[in-house]
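See structure below.
Just so it is clear, none of the values below were taken in a lab; they were calculated from the coordinates. It should be emphasised that the depicted structure is a prediction, and the values quoted were computed from it without experimental measurement. Every residue, glycine as well, gets a Cβ built from its backbone with ideal geometry; the counts of neighbours run over all protein chains shown.
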Amino acid sequence: MATAAVASHAHPPTSTGLDHRKIAIWAFIGSECMLFASLISTYLIYKGRSVVGPFPHEVCDPPKCATHLNAILNIPVTSVSTFVLLMSSLFMVLALAAVENKGKPGYEGILGSSKLWLLATAIAGTTFLGFQAYEFTSFVHEGLTLRTNLFGSSFFTLTGFHGAHVTAGVLWLLTLLAIDMKRGLQPKDALLVDISALYWHFVDVVWIAIFTLVYLIR
Amino acid sequence: MADHEFTHTNPEIDVHAMGEMHEHPTWKQYKWVAIILTLITVFEVWAYYVPSFVASPVFVPTLLIMSAAKFAIVVLFYMHLKYDHRLFRGLFTGPLIIAMATIVSLLFLFGKFARR
C-alpha cells in the first residue's frame, strides 16, 4: 500500500535520482548568492564616500549639511524586524515538519497544523515588510532618497531587492496556504513545501548578512 | 542512489527524490536552533552599543564571525544542507565561494583595505 502510494507520486526518473525541482531551487539559490554579492559589494564600495548627509551611523552638522542631521539607521527597530524574520524561519521548518509528519504521533494539534505554521510564516514575513516600509518612509521624511547620496542609492537598492524577495516569498507562502485550505497538504506534497522553505530560509540568510554588514558594522 | 540508506518514517514521502540522506531534526532541535540564533543576534546588537568594543580592532571580526555562524546554522539545520544530498551542498557552496571571492576582490580593487 505504502509502495503504491510512493509509486503513484514518484517523479520521472532522473540521472541523479533527485527531483529536478529541488536541484533547480538549489541552483537558483546559488545564482541568487551572486546577485546579492554584487549588491552588497556595491554598498560596501560606496560606504563612507557620500559627500552629503544623511549618513548611516554619523551625525551631520553645518557646514557639511545645511541643517543638523542625525545618524539615520534605527538599530532597535531593525533588530526587532531581524528577530521577526529569524522566527519566521522557525515557523517555516515547523510547517514542513507538520506536512511531512501529518497524522503521526507527536504531531497532533498545534504542532501538526501546517496551516497555522504557514500562516505564521506569512504573517512574520508581512510584519518584516511593514517594518521595512516604516523604515523607508521615515528615511524619506528625514531627507534620504534613492538620489540623495551614494549611501541612499546603494542602501535602497540592496534592501529594496531583499524586500522584493521577501514579498515574493510571502506570495508563495500564501499560495501554499490556499492549497492547504482547499484540499489539505499531505506528506506527498512535502517537496512543494520543502522548495518554498528553501527559498524562504535563503531570504533569511541574506538578511543575516545585510543586518551585520549594513546596520551593525560602522 | 546506492549510498541512500535512510528511509523516512512516513512511507508517502519520496526521500530519494528530495535528496534526504539523514533524518531531519525534530521540532525540539529546531527550537534550540532558534534560541541560539536569537542569542547571537542579541549579542551582536549589544556589542553595537558598547563604545569601547566598537572602537576596538576585534569589533568587526567578531560581528563577521557571529554573522557567519548564524548564516551557517540556518543553512545547515533549517535548509537541511547537513542532512541532504551532497549535490545540493555543491550547488550552494560553489556559487557562495564565487560570491564571497567577488566581494573581497572588488573591495581590494576599490581600495577598501588600503591604509589611509
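Laid out as a table, the results:
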| read-out | value |
| --- | --- |
| D_trans [Stokes-Einstein, Kirkwood Rh over alpha-carbon pairs] for region A:17-88, 4 °C, 1.567 mPa s, µm² s⁻¹ | 82 µm²/s |
| Chain A, helix-only ellipticity at 222 nm - DSSP H runs n ≥ 4, -39,500 (n - 2.57), divided by all residues, nearest 500 | -23000 deg cm²/dmol |
| Distance violations [Cα-Cα > 18 Å] among A:LYS188/B:LYS28; A:LYS47/B:LYS70; A:LYS22/A:LYS102; A:LYS47/B:LYS112 | A:LYS188/B:LYS28; A:LYS47/B:LYS70; A:LYS22/A:LYS102 |
| Partnerless cysteines, meaning none of the other Cys C-beta atoms lie under 4.7 Å away, in the protein assembly as shown | A:CYS33 |
| Net length gained if the chain between B:ILE36 and B:LEU109 were fully extended (0.36 nm per residue, minus Cα distance) | 22.6 nm |
| Rounded tilt (10° steps) of A:114-141 against the dominant C-alpha axis of chain A | 10 degrees |
| √(5λ) per eigenvalue of the Cα gyration tensor, region B:68-109, largest first, Å | 24, 13, 4 |
| Estimated distance in nm for a label pair at A:ASP61 and A:THR16, the labels positioned 7 Å out from Cα along Cα-to-Cβ | 5.9 nm |
| Rg(Cα) / (2.2 N^0.38 Å) computed for region A:72-183, rounded to two decimals | 1.31 |
| Positive-end extreme of charge dipole, region A:141-218 - chosen from A:SER196, A:HIS141, A:THR159 (charges on Cβ) | A:HIS141 |
| Full-extension gain in nm, A:ALA71 to A:ARG183, via 0.36 nm per residue minus C-alpha separation | 35.3 nm |
| Two-decimal log10 I(q)/I(0) for the protein assembly as shown, as the Debye equation yields it once each C-alpha is a single scatterer, q = 0.06, 0.11 Å⁻¹ | -0.24, -0.75 |
| B:ASP84 long-range amide H proximity, modeled H, under 5 Å | B:MET21 |
| Crossing angle, helix B:59-73 versus chain B [Cα axis fit, 0-90 degrees, rounded to tens] | 10 degrees |
| Region B:12-116: GluC sites (Glu not before Pro) in DSSP loop, at most 13 other beta carbons within 10 Å | B:GLU23 |
| Cβ charges +1 (Lys, Arg) and -1 (Asp, Glu), total dipole of region A:1-157, debye | 240 debye |
| Positive-end residue, region A:69-155 charge dipole about Cα centroid, Cβ charges, pick of A:LEU85, A:THR126, A:VAL99 | A:VAL99 |
| Fewest-first ranking of A:SER89, A:SER50, B:SER52, A:SER153, using other Cβ atoms within 10 Å as the exposure measure | B:SER52, A:SER153, A:SER50, A:SER89 |
| In order through region A:43-56: 3J(HN,Hα) via Karplus (6.51 cos²θ - 1.76 cosθ + 1.60), integer Hz, x for Gly, Pro | 4, 5, 5, 7, 4, x, 10, 6, 8, 10, x, x, 10, x |
| Computed P(r) (all Cα pairs; region A:120-216; 10 Å bins; percent) | 14, 41, 26, 14, 5, 0 |
| Given charges at beta-carbon only (K, R positive; D, E negative), |dipole| of region A:126-218 in Debye | 120 debye |
| Cα lying deepest toward the dipole's positive end in region B:33-116, options B:LEU87, B:ALA55, B:GLY111, charges on Cβ | B:GLY111 |
| Sequence-separation-based contact order of chain A, relative, with Cα cut under 8 Å and 6+ spacing, percent | 26 percent |
| Rg in Å to one decimal, and Dmax rounded to a whole Å, for chain B via C-alpha atoms | 19.3, 63 |
| Charged-residue dipole, Cβ positions (Lys, Arg, Asp, Glu), chain B about Cα centre, Debye nearest 20 | 860 debye |
